[in-house]
Every structure is written in C-alpha cells, then in structure tokens.
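Q: My structure is below; once you've seen it, I'll send some questions.
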Amino acid sequence: MERFISACKELDIELTKEQVLAFQSYYDLLIRWNERMNLTSITEFEEVCNKHFLDSLSLVKVLSIHSLKGQKLSLLDVGTGAGFPGIPLKICFPNLQVTLLDSLNKRLTFLNEVIETLCLKDIVTVHGRAEDFGKDKAYREQFDLCVSRAVANLSSLSELCLPFVKVAGSFISYKAEKGAEELEAAGKAISLCGGTVLETKEFMLPGTDYYRFMICIKKTKATPMSYPRKAGLPTKEPLC
Ligand code: SAM
C-alpha cells in the first residue's frame, strides 16, 4: 500500500486514511467476488494497485485535480466492468457525480456491493448498452465527462461515448501502445460525432514501466441524431 500511496503523490493525489481504507476494501471485494465471476485477470495486490487503481487515477494527466475536486462534475464510465476507472475516481474525488454503465448485469451487482460497502454517495450503476442509452433523452448530452477504458477501439468508442457528452464537455479515452495509431484511424468518427481532439498525453504510470496514452476529446458540437447507430454496429463497422 505504501508504494501505491507514494505513486498517487506523484500524480499530486494525497490519499487520506479513509481513502486508503476504501481502496483496501475495494481490493478485498474484487478478489472475493472474482472467485465467483470473471471480474479481472489481475489479482496480485501490487498489480491491482498499479494496473487498475493508479491507471484509473491517471485521468489527472489531462484534467486538473482542481476541476475534479471543485465543481460537482457529472461523469459517465462506459463499459465500467469491475469499476475502472469510475470507482477509483469516485474514491479520490467524492464531488464527482458518477454513473457506471455496463451491458453485463452481474458486474453491476458486484459494483452495487462496492458502493454500499464503501458508503459512496452520488454514484449509480446502469445496466444496458451504450448504443441504447446514448439515444435516451435522460442520458444523451447530459454528462460533463465521459471516460472509458479497455472497451473498444477509439473509432467505435467515439460513437459510443460522444453522444453522452454535453457540448463543451469532454470524452477521455484511456489507451496504451496502440493509442496513437487508433487516434489516426478515428479522425472521421470523432468529427462526425461532434468532437475535436483537445490533447493527448503519453506517460509512464508512476513507479512502473507501464506506458499509457491518454486522449482528451472536447465536444464542440451536438452529435447528429443518427449516432450512435444500432447496437453492435459501432464495433462491427467503425465509422471511417
Ligand atoms: N473498463 C473496465 C476496465 O478497464 O477494466 C472493463 C473493461 S472490459 C474489457 C469491457 C467492458 O465493457 C465489459 O464489462 C463489457 O460488458 C462492457 N461493454 C462492452 N461493450 C459495451 C456496450 N456497447 N455498452 C455497455 N457496456 C459495454
């Protein structure tokens, strides 16, 4: 845990005692539930801290801690799985209003238990596909931030995620080695869905040799109603 605490410091995140305990409980639940359902292939404590917790928090490479701490920003995590990056972000930035979306209900049962055990507030789980919720008025263009990690390539993700973002909000995609290549291929999808690439950041996760490539896309105009296309198409036939 000491190494995780100091890696967080390198990201300028000072964990409180309560936050350290929350990460410990999250780890314990993840390992316990992972015996019954497929949540993660990474189970060793230090690896979970680096590859799941720290990686999730590296959002601060493209968004200021000040903005994450200050205002009550709404954040949607598309394809959250076992809660990455949404839960670590909520633990560190409790002012965020978090929505965790996934098409696999079993994972949301796990997340509801995490939310209850960690006494997290202003956080909900939503079961369904991004293609369907992206057309729903209650979700479409309702979020300041949309994040997604390890769900699809950037072209498909842009179609799945940008419809959720308010104009002037941001979609942040967590990538690694293939990030630059995916970005090159996703130009048309990003612009068709109303986005403009604002910034990319390449870095190593603190204290590790894990390379990361973070892409921050600003929503500059409304997404046309034709996107997202029907379920399955964004990943089967990415816009290009
Ligand atoms: N984001 C997590 C992470 O980084 O560990 C989970 C990644 S897991 C490889 C991909 C997750 O995305 C799965 O839980 C899957 O059910 C979900 N998913 C895939 N396509 C989706 C879609 N169209 N809408 C909602 N969830 C989706």
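The values are calculated or read from the model by the stated rules, or taken from the named source; none is laboratory data. Since the structure is predicted, the reported quantities are computational estimates derived from the model, not experimental observations. Every residue, glycine among them, receives a Cβ derived from its backbone with ideal geometry; neighbour counts consider all protein chains shown. For accessibility, only protein heavy atoms count, side chains too; no ligands or nucleic acids. Shrake-Rupley method; radii C 1.70, N 1.55, O 1.52, S 1.80 Å.
Q: Name the most mobile residue of Gln71, Gln142, Gln24, meaning the one with the largest mean-square fluctuation, in a Gaussian network model of the chain with Cα contacts below 10 Å.
A: Gln71
Q: May I ask you to give the solvent-accessible area per residue for the stretch 142-240, in square angstrom, as obtained with a 1.4 angstrom probe?
A: Here the per-residue accessible area is 43 Å².
Q: Scanning the chain for GluC sites (Glu not before Pro) in DSSP loops with at most 16 other Cβ atoms within 10 Å, what's the longest stretch left with none?
A: 45-176
Q: Carbon-plus-sulfur fraction of the accessible area of the chain, 1.4 Å probe, in percent? Kindly include the intermediate steps, with their values, before the conclusion.
A: On the way: 5510 of 10830 Å².
So the carbon and sulfur contribution to the accessible surface is 51 percent.
Q: Nearest 500 deg cm²/dmol is fine: what mean residue ellipticity at 222 nm does the chain get from its DSSP H runs of n ≥ 4 alone, each adding -39,500 (n - 2.57), divided by its residue count? Walk me through the intermediate numbers first.
A: Working: 11 runs with 86 residues, N = 240.
My calculation for the chain gives -9500 deg cm²/dmol from helical runs alone.
Q: Which value, in Å³ per residue, describes the convex hull spanned by the Cα atoms of the stretch 2-236? Numbers along the way, then the final one.
A: Details: hull volume 26.6 nm³, N = 235.
Here the figure is 113 Å³ per residue.
Q: For the chain, what does the relative contact order come out to in percent, with C-alpha contacts under 8 Å and a separation of six or more?
A: RCO, the chain: 17 percent.
Q: Provide the net charge surrounding Glu141, with neighbours chosen by a C-beta distance below 10 Å and charges set as Lys +1, Arg +1, Asp -1, Glu -1.
A: +4
Q: Still on this structure, I have one more. Among the helices of the chain (complete DSSP H runs), which have Cα atoms covering no less than 20 Å along the helix axis and a Kyte-Doolittle mean of at least 0.0?
A: Once both thresholds are applied, nothing remains.
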